[in-house]
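> Following this message is one structure expressed as structure tokens.
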Amino acid sequence: MKKFLKVFVLAVLVIFVVAMVGGSIYMLNFSLSRKDEPKGKKSMSLALRTREYPDVKPWIDSLLSIHALRDTFIIMPNGERNHALFVWAPRKTGKTAILVHGYKDRAEGMLNFAMIYAKMGYNVLLPDLHAHGESEGQDIQMGWKDRKDVLHWCAVADSMFADSTGHSRQVLHGVSMGAATVMCVSGENTPAYIKCFVEDCGYTNVWDEFKHEVVQMFGIPAFPLIYFTSAYCKLRYGWSFGEASPLKQVAKCHKPMLFIHGDNDTFVPSWMVHPLYAAKPQPKELYIGHGSEHAQTYRDHKAEYVALVHRFAGKYIK
């Protein structure tokens, strides 16, 4: 009988470990592996943006008609070739906005936000993050390792858009995973030309976001699968879910940050903005889009959103 129990317990443990390992591999591949994009995805993304935000179409059409929406490629320190879109300001200025897209999106997905800054007379730069759009890479980095790439793009933008002082003056504005990226950047030792940050519906950390999504998407308890998956991510990609923490990064940021979140967001739950805001030292501001779902605050409260960005960026970028 004791021998049978030992065999039974061992068998259960083996099945449990196999299930957790298999589940971790599936979850990580499902969440972080780049999928092949269909041909014409760039033009499809542009069409979608103008359909969702028809007020952006005349601006984009005018840029395309004079070839003012331009591409640039750079080689990152790791040897990968990364891509960005950019638009020069009508008049030479150091005022510059770096716009960072969300999960499985691409640079074109930020053009509606770019228009806000362009109409303020800013240069705009919209990078494709690692494993997105026309940038190389196979593993989505959830904003964590992306922080180094974005800092590299900021240095490129500083060279491209420098004014008579020899430097630019930059605001970093991200949405969803792009907001998490911007917050991760904010905790680094950022150069003086980065003046302020805008984060729209970013998550506290990858652990909290994946824990939420496991329950929402698969209807299964996050424990213990998320522990195995995080450990596998560390083994495979060199970072863990808890390590990838905008919450910890904003606590180290002393530059101004504007937090934006819809109070009806169920993808990156609305509650996440409050610990983020609490962790961030002053100066900081918070705007809640009432009734707005994930990444829809701009759509639902356009006039307020634009006025808020004008006032916030204008306060810190002269």
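The values are calculated or read from the model by the stated rules, or taken from the named source; none is laboratory data. Because the structure is a prediction, the values reported are computed rather than measured. Reconstructed Cβ throughout: ideal geometry from the backbone, glycine too, with neighbour counts over all protein chains shown. Protein only, heavy atoms only, side chains kept; ligands, DNA and RNA dropped before computing areas. Shrake-Rupley method; radii C 1.70, N 1.55, O 1.52, S 1.80 Å.
> The chain: D in µm²/s via Stokes-Einstein (Kirkwood Rh, Cα pairs, 37 °C, 0.692 mPa s)?
On the way: Rh = 20.5 Å.
Here the translational diffusion coefficient equals 160 µm²/s.
> What's the extension gain from GLN282 to LYS104 if we count 0.36 nm per residue and subtract their Cα-Cα distance?
Values: separation 178, 0.36 × 178 = 64.08 nm, distance 3.18 nm.
Working it through step by step, the gained length comes to 60.9 nm.
> Amide H of TRP88: which non-local residues (sequence gap of 5 or more, or other chain) have their own amide H closer than 5 Å, using H built in the peptide plane?
none
> Return the long-range amide H neighbours of LYS95 (sequence gap of 5 or more, or a different chain), with a cut-off of under 5 Å between placed amide H atoms.
ASN123, ARG169
> Once phi is turned into θ = phi - 60°, what whole-Hz ³J(HN,Hα) does the Karplus curve with 6.51, -1.76 and 1.60 give for every residue of the stretch 74-88, x standing for Gly and Pro?
Working through the residues one at a time gives 9, 9, 6, x, 7, x, 7, 9, 10, 10, 8, 9, 8, 9, 6 Hz.
> Averaging sequence separations of C-alpha pairs under 8 Å and six or more residues apart, then dividing by the length of the stretch 174-318, give the relative contact order as a whole percent. Display every interim value, and only then the final one.
Details: 247 pairs, mean separation 38.6, N = 145.
Relative CO of the stretch 174-318 lands at 27 percent.
> Towards the positive end of the charge dipole of the stretch 114-224, with charges on Cβ (+1 Lys, Arg; -1 Asp, Glu), say which of ALA162, ILE140, GLY187 has the farthest Cα.
ALA162
> Modelled label-to-label distance, ALA231 and LYS3, 7 Å Cα→beta-carbon offset: nm?
My value for the distance between the label points is 3.1 nm.
> Can I ask one more? Could you pull out the pairs from LYS195/LYS318; LYS57/LYS315; LYS104/LYS234 whose alpha carbons sit more than 18 Å apart here?
On the way: LYS195/LYS318 10 Å; LYS57/LYS315 29 Å; LYS104/LYS234 21 Å.
Over 18 Å apart, Cα to Cα: LYS57/LYS315; LYS104/LYS234.
> Given the Cα-Cα distance of ASP163 and PHE218 and 0.36 nm per residue of separation, how much length would full extension add, in nm?
Once the chain is fully extended between ASP163 and PHE218, it gains 14.7 nm.
> Once whole DSSP H runs in the chain are found, which of them have Cα atoms spread over 15 Å or more along the helix axis and a mean Kyte-Doolittle score of at least -0.5? All intermediate terms of the calculation are to be shown ahead of the outcome.
Details: long enough: 2-32 (44 Å, 1.84); 41-52 (16 Å, -0.94); 146-160 (21 Å, -0.24); 225-237 (17 Å, 0.42); 302-316 (22 Å, -0.11).
Correct list, ordered by number: 2-32, 146-160, 225-237, 302-316.
> So what is the accessible area of the stretch 223-318 per residue, in Å², with the probe set to 1.4 Å?
Values: 4400 Å² over 96 residues.
It amounts to 46 Å² per residue over the stretch 223-318.
> Roughly how many Å² is the accessible area per residue of the stretch 73-190, as a whole number, for a 1.4 Å probe? Walk me through the numbers on the way to the answer.
Details: 3570 Å² over 118 residues.
Roughly 30 Å² per residue, with all protein chains present.
> Please compute the modelled spin-label separation between ILE66 and GLU243, points set 7 Å along Cα→Cβ, answer in nm with one decimal.
Once both label points are built, they end up 4.7 nm from each other.
> Please report the net charge: other residues with Cβ closer than 12 Å to the Cβ of GLN296, K and R +1, D and E -1. Working shown, then result.
Working: positive: ARG299, LYS302; negative: GLU52, ASP200, ASP263, ASP265, GLU293, ASP300.
Charge balance near GLN296 sits at -4.
> Same structure, new question: May I ask for the net charge around LEU276, where only other residues with Cβ less than 14 Å from the Cβ of LEU276 are counted and Lys, Arg are +1 while Asp, Glu are -1? Show your work: numbers first, answer last.
Details: positive: LYS248, LYS252, LYS280, LYS284; negative: GLU199, ASP200, ASP208, GLU209, ASP265, GLU285.
Summing Lys and Arg as +1 and Asp and Glu as -1 gives -2.
> Would you list ILE74, ILE98 from the most to the least accessible area, probe 1.4 Å?
Working: ILE74 25, ILE98 0 Å².
The ordering from most to least exposed comes out as ILE74, ILE98.
> Name the residues of the stretch 119-134 whose amide N is less than 14 Å from a point 7 angstrom out from the Cα of TYR316 along the C-beta direction?
Within reach of a label on TYR316: no residues.
> Let me ask another. For GLU136, tell me the accessible area in Å² from a 1.4 Å probe, rounded to the nearest 10.
Approximately 90 Å² of GLU136 is accessible to the 1.4 Å probe.
> How large, in percent, is the carbon and sulfur part of the accessible surface of the stretch 28-85 at a probe radius of 1.4 Å? Write down the numbers at each step before the final one.
On the way: 2010 of 3470 Å².
Exposed carbon and sulfur together represent 58 percent of the surface.
> Next question. Normalised by the number of residues in the stretch 87-130, what is the relative contact order in percent for Cα pairs under 8 Å and 6+ residues apart? Mind showing how you got there, number by number?
Details: 68 pairs, mean separation 23.9, N = 44.
Reported as a whole number, the value is 54 percent.
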